[in-house]
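Some notes on the structure that comes next.
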Amino acid sequence: MAQHTALIIDDEPDIRELMALTLGRMNIETFAAESLAQAQKMLQSRAYDLCLTDLKLPDGSGLTLVSHIQAHYPEMPVAVITAHGNMEAAVQALKDGAFDFVSKPIDLGLLRKLVNSALQLKQFPESDRRSRHILLGDSPAMQATRSMVAKVARSQAPVYISGESGTGKELVARLIHEKGPHPDQPFVPVNCGAIPTELMESEFFGHKKGSFTGAVSDKAGLFHAAHGGTLFLDEVADLPLHMQVKLLRAIQEKAVRPVGEQKEIPIDVRILAATHKNLAPLVEEGRFRQDLYYRLNVIELKVPALRERAEDIPLLTGHILTRLAQQAGTRQPAISREALATLQHYPFPGNVRELENILERAMTLCENNLIEPDDLQLPGAARSETAPDLQSATLPSGLPLEEHLETIERKLITDALEKARHNKTAAAKLLGVSFRALRYRLKKLGME
């Protein structure tokens, strides 16, 4: 007895028969329709586990069917079959809610993978796909973000994750992967700005032995490493134009050609991309290809800035302090109501990453295991008369905030060590932290 059912819509009998045979060998019972009207009628008569539809039907467009299924049967994955080279229609289908697409002539291997991925989604009902314990916060902005993550995880469409630095774009990308149909497959993050230009093609696509000086053996690239899973392109705006062309082809053809190889190799990779830059102006300036922008930005997911969800700061603060205390092996400090209010009124240009740095420093500086407003040392915040004199630690303008704060912290620890004649136990007492916490800070700051 067949375990699953599929509805196939195509006006070409040969295509319907080919897909029915392929899915039948996968123990999937198939039902066929040759028109939009017939398909809509069959959808009313019974439930299906997935749907495969041609985009060009005698009485309308497959896009109409994709929208109809999204509206009336949102739990059923639908994939589209498109003519080779008709990527615009395939991209539009993904925007309308299609799970994935396959091009004619149909590659049966890719078809089987697509079907298996679609059926995997049936094992993860929407109610089980919650992510509140990972993407912390009960603000409307974070509720909307988690809802969007659950939605896009059900698709193989490329997702463009936008947001300021420090908002947690890679965390969102990992969650999309983990909530998708292949959480056990690789998640490969790559910082596009960290790869030397001359090595990019080899790093992304791999190379054959002897293809260039230094290629002493075959090497698989990042696309191969992510095969079956997700490739996360962080800071994608930093890609040079020549690599943008090659990346576009890899996405469109679902194949890559290693350096020195004569033929392309099929790849099954979902692309997620992110950058803190606004890509639209870069497209207008000619620094980012418009066609690649549209391929990557099929679905945009904006990660909110911390100042847009200030009500989440108490929850985030408690979570971060718990984690920092566990890492340092110390007792978790409390934070005063005034300090918490100070955090909630601070704009956080560095977002959650900056909050983590501020709290880590405050743990070192606080006394009696209680974080007060002065311990936060927020830029521009009013200082009390009893606050440490940090005038000598003032640095020239233009220095990154994190380096400035580390310099301040290093001076406070150095002063305490000198006052305690380099007795670390005594210095820890002067700083109001445990001996283990001081050792942790010394190691982090390279002062051991």
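The values are calculated or read from the model by the stated rules, or taken from the named source; none is laboratory data. Everything numeric in this text was worked out from a predicted model, so none of it was measured. Don't worry about glycine lacking a Cβ; one is built from the backbone with ideal geometry, like all the others, and counts go over all protein chains shown. Note: areas computed on protein heavy atoms with side chains; ligands, DNA, RNA excluded. Shrake-Rupley method; radii C 1.70, N 1.55, O 1.52, S 1.80 Å.
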Six or more apart or on different chains, Cβ under 6 Å: which pairs go from a residue in region 425-448 that's of a type in the set (Asp, Glu) to one that's buried (at least 16 other Cβ atoms within 10 Å of the Cβ) and at pLDDT 80 or above? Could you list them? 448/442
How many residues are open to solvent by less than 10 Å² (accessible area, probe 1.4 Å), among the aliphatic types (A, V, I, L, M) and either part of a loop (DSSP other than H, G, I, E, B) or touching an Asp or Glu at 6+ places or on another chain (Cβ under 8 Å) (or both) if we restrict to region 187-233? 2
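Residue 43: closer than 26 Å to residue 269 by Cα, outside any loop (DSSP other than H, G, I, E, B) and touching a residue at least 12 places away in the same chain (Cβ under 8 Å), yes or no?
On the way: closer than 26 Å to residue 269 by Cα: no; outside any loop (DSSP other than H, G, I, E, B): yes; touching a residue at least 12 places away in the same chain (Cβ under 8 Å): yes.
No; evaluated as a whole, the condition is false for this residue.
Take residue 168 and decide whether it is among the small types (Gly, Ala, Ser) and either in contact with a Ser or Thr (Cβ under 9 Å, 6 or more places away or on another chain) or at pLDDT below 90 (or both).
Values: among the small types (Gly, Ala, Ser): yes; either in contact with a Ser or Thr (Cβ under 9 Å, 6 or more places away or on another chain) or at pLDDT below 90 (or both): no.
Taking the combined requirement at face value, the residue does not satisfy it.
Taking residue 285, is it surrounded by fewer than 17 Cβ atoms within 10 Å (Cβ to Cβ), free of Cβ contacts under 8 Å to residues at least 40 places away in the same chain and in contact with a strand residue (DSSP E or B) (Cβ under 7 Å, 6 or more places away or on another chain)?
Working: surrounded by fewer than 17 Cβ atoms within 10 Å (Cβ to Cβ): yes; free of Cβ contacts under 8 Å to residues at least 40 places away in the same chain: yes; in contact with a strand residue (DSSP E or B) (Cβ under 7 Å, 6 or more places away or on another chain): no.
No: the conditions fail for residue 285.
Inside region 12-34, can you point out the residues that are touching a strand residue (DSSP E or B) at 6+ places or on another chain (Cβ under 6 Å) and either polar (S, T, N, Q) or in a loop (DSSP other than H, G, I, E, B) (or both)?
Of all residues in region 12-34, those touching a strand residue (DSSP E or B) at 6+ places or on another chain (Cβ under 6 Å) come to 16, 19-20, 23, 28-33.
Within region 12-34, 30 is the sole residue that qualifies.
I'd like to know if region 384-394 contains one or more residues that are open to solvent by 70 Å² or more (accessible area, probe 1.4 Å), of a type in the set (Gly, Ala, Ser) and at pLDDT below 85.
So in region 384-394, the residues open to solvent by 70 Å² or more (accessible area, probe 1.4 Å) come out as 385-386, 389, 391-392, 394.
Adding the requirement that they be of a type in the set (Gly, Ala, Ser) leaves 392.
Then drop every residue that is not at pLDDT below 85, which leaves 392.
Yes, region 384-394 has at least one match.
Can you tell me which residue is most open to solvent (accessible area, probe 1.4 Å) among those in region 256-275 that are closer than 26 Å to residue 172 by Cα and touching a strand residue (DSSP E or B) at 6+ places or on another chain (Cβ under 8 Å)?
Initial filter on region 256-275 (closer than 26 Å to residue 172 by Cα): 267-275.
Okay, now just the ones that are also touching a strand residue (DSSP E or B) at 6+ places or on another chain (Cβ under 8 Å), so 267, 269-275.
Working: 267: 9, 269: 28, 270: 12, 271: 11, 272: 1, 273: 1, 274: 0, 275: 1 Å².
That would be 269.
Would you confirm, using the coordinates I've provided, whether residue 244 is open to solvent by 10 Å² or more (accessible area, probe 1.4 Å), polar (S, T, N, Q) and over 26 Å from residue 179 (Cβ atoms)?
Numbers: open to solvent by 10 Å² or more (accessible area, probe 1.4 Å): no; polar (S, T, N, Q): yes; over 26 Å from residue 179 (Cβ atoms): yes.
Judged against the criteria, residue 244 is not a match.
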Of all the helices (runs of 4 or more DSSP H) wholly in region 263-380, which have at least 2 residues that are within 27 Å of the chain's Cα centre (by Cα)? 279-284, 290-296, 313-328, 337-344, 351-365
Would you mind stating whether residue 250 is open to solvent by less than 10 Å² (accessible area, probe 1.4 Å), modelled with pLDDT of 85 or more and within 17 Å of the chain's Cα centre (by Cα)? no
